[in-house]
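Below is one structure, written out as structure tokens; the observations come after it.
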Amino acid sequence: MIINCELTAKQPRPPELSSGNAPLGFRLTGMARYLWLLLLALATSPTARGAQSAFLSWDPSPDPSVVGYNIYYGGESGSYTNLVSVGDLQGGVVSGLDEGATYYFVVTAFDDLGQESVFSNEASYNVPAVQAAQMQISGAAGGTFRLVVTGLSGHTYEIQATTNFSDWTAIGTQTAAADGCFSFVDYSAADYRSRFYRTRDTQP
């Protein structure tokens, strides 16, 4: 769908936002060139438990008056309660997104007088939940330790150990069963005065 609108001559050209592979139809009447904004690979890594980041990328505007871009977003379509200004860059990061929530994004371009274009069309994104593996450790015969891990079914986890929280060594890999659980015995634990463990999902 193409939405026809008019801007004054002083307003910079707005960007165009696409979601997935299908561009959403926003275009300025009479302009042959316009800016595409792509919502890319969002929330691939958590910044904190329950919070993730999104990266947006776009082609530069053909309008010579443009000096920067603003990303607007919010939890409701058409209501953008947050702003990230990225300057004269062709991409920006939005952080602090809640797992399981849906966010709606638009972008504007602005000139050196602070005049801002109209919103681009809107793209939405649902932030997936990232489940951290849970671990229980118990002592076993001969000074060994038994680790019971609950993670994601079918995912392969690397078990890592350290004595100083600085140098981590991979000591084995296990694949979680249908219930998400697996167990691992560290037979070398008795060789250390203390040892600490963590897991790394090899299929994040």
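The values are calculated or read from the model by the stated rules, or taken from the named source; none is laboratory data. The shown structure was predicted, so the numbers you read here are calculated from the model rather than taken from an experiment. In this analysis, Cβ positions are derived from the backbone assuming ideal geometry, glycine residues included, and neighbour counts consider all displayed protein chains. SASA here: full protein model, heavy atoms, side chains in, ligands and nucleic acids out. Shrake-Rupley method; radii C 1.70, N 1.55, O 1.52, S 1.80 Å.
Here's the yes/no breakdown for (1) open to solvent by less than 40 Å² (accessible area, probe 1.4 Å); (2) over 22 Å from G142 (Cβ atoms); (3) of a type in the set (G, A, S); (4) touching a residue at least 40 places away in the same chain (Cβ under 8 Å):
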| position | (1), (2), (3), (4) |
| --- | --- |
| Y157 | yes, yes, no, yes |
| T163 | no, no, no, no |
| D167 | no, yes, no, no |
| G172 | yes, no, yes, no |
| V185 | no, no, no, yes |
| A190 | no, no, yes, yes |
| R200 | no, yes, no, yes |
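Write out, first by first residue and then by second, each pair whose Cβ atoms fall under 9 Å of each other, whose residues are 6+ apart or on separate chains, and whose first residue, in region 114-143, is closer than 30 Å to Y187 by Cβ while the second is modelled with pLDDT under 80 and surrounded by fewer than 17 Cβ atoms within 10 Å (Cβ to Cβ).
A132/R49
Is it the case that some residue within region 112-130 is among the charged types (D, E, K, R), open to solvent by 20 Å² or more (accessible area, probe 1.4 Å), at pLDDT 85 or above and touching a Lys or Arg at 6+ places or on another chain (Cβ under 7 Å)? Write out each step before concluding.
Here is the first cut: in region 112-130, the ones among the charged types (D, E, K, R) are 112, 116, 122.
From the residues that got through so far, the ones that are open to solvent by 20 Å² or more (accessible area, probe 1.4 Å) too are 112, 116, 122.
Keeping just the survivors that are at pLDDT 85 or above gives 112, 116.
Now narrow it down to the ones that are touching a Lys or Arg at 6+ places or on another chain (Cβ under 7 Å): none.
No, there is no match, as no residue in region 112-130 is among the charged types (D, E, K, R), open to solvent by 20 Å² or more (accessible area, probe 1.4 Å), at pLDDT 85 or above and touching a Lys or Arg at 6+ places or on another chain (Cβ under 7 Å).
Would region 30-43 turn up any residue that is touching a Lys or Arg at 6+ places or on another chain (Cβ under 9 Å), over 17 Å from P128 (Cβ atoms), modelled with pLDDT under 50 and of a type in the set (F, W, Y)? Step through it out loud before you land on a result.
First, pick out the residues of region 30-43 that are touching a Lys or Arg at 6+ places or on another chain (Cβ under 9 Å): 31, 33-35.
Among the residues that remain, those that are also over 17 Å from P128 (Cβ atoms) are: 31, 33-35.
Filter again for modelled with pLDDT under 50, leaving 31, 33-35.
Subset that is of a type in the set (F, W, Y): 34.
Looking through region 30-43, at least one residue is touching a Lys or Arg at 6+ places or on another chain (Cβ under 9 Å), over 17 Å from P128 (Cβ atoms), modelled with pLDDT under 50 and of a type in the set (F, W, Y).
Among the residues of region 74-94, is there at least one that is under 18 Å from the mean Cα position of the chain (by Cα), part of a strand (DSSP E or B) and closer than 30 Å to R198 by Cα?
yes
So, in region 132-149, exactly how many residues are open to solvent by 40 Å² or more (accessible area, probe 1.4 Å) and closer than 12 Å to R200 by Cα?
3
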